[in-house]
Amino acid sequence: MATKKAISAGTGRRKTATARVNLVEGKGQWMVNGVALEAYLPSEALRDYLKQPIAISGYDMANVDVIIFAKGGGISGQAGAIRHGLARALVAADESTRAALKKAGCMTRDSRMKERKKPGQPGARKRFQFSKR
């Protein structure tokens, strides 16, 4: 079997999720951890969200396979990490798309993380019930 020629790669992060996105020559297939994208992300909204960089940049994906390795976090965090990694990979493939992707916010890592639980309390913000007596 012939190896596919790599076009570009990008790493994306969101919450505790990390995704490595590789663009290789192919037929327009999407694979996430060896599974088709539709099977890995059943939500249409998340699939549309992670494909935003392609719509913004106008990159032709007909002859490109997208191979993704995602780990950590949950489905939503992984979708955000894939979006970030895909934007980075598209910029690595075609530098002229950088300005449009940056303006749309695809190049910026979403730094929001889960707030830590405080000692002596049941959660990050939750407090024990007040009792006057």
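Brief remarks follow.
- Only one entry of K132, K51, K103, K114 meets the criterion of being surrounded by 12 or more Cβ atoms within 10 Å (Cβ to Cβ) and among the basic types (K, R), and that entry is K51.
- Of all residues in region 90-102, those satisfying the criterion of being in a helix (DSSP H, G or I) and in contact (Cβ under 8 Å) with a residue 24 or more places away in the chain are L90, V91, A92, A93, T97, A100, L101.
- Yes/no for A19 being touching a His at 6+ places or on another chain (Cβ under 8 Å) and buried (at least 18 other Cβ atoms within 10 Å of the Cβ): yes
- Test: residue in region 69-81 that is touching a Leu at 6+ places or on another chain (Cβ under 6 Å) and closer than 23 Å to K5 by Cβ: no
- Listed by position, the strands (runs of 3 or more DSSP E) inside region 1-66 whose residues that are of a type in the set (G, A, S) number at least 3 are 6-14.
- If you check A87, A70, A81 for being assigned to a strand (DSSP E or B) and either touching a residue at least 40 places away in the same chain (Cβ under 8 Å) or buried (at least 19 other Cβ atoms within 10 Å of the Cβ) (or both), only one passes: A70.
Throughout, read-outs are computed from the coordinates displayed, never taken from laboratory work. In this text, all values refer to a predicted model and were calculated from it rather than measured experimentally. Cβ: placed from backbone, ideal geometry, glycine included. Neighbour counts: every protein chain shown.
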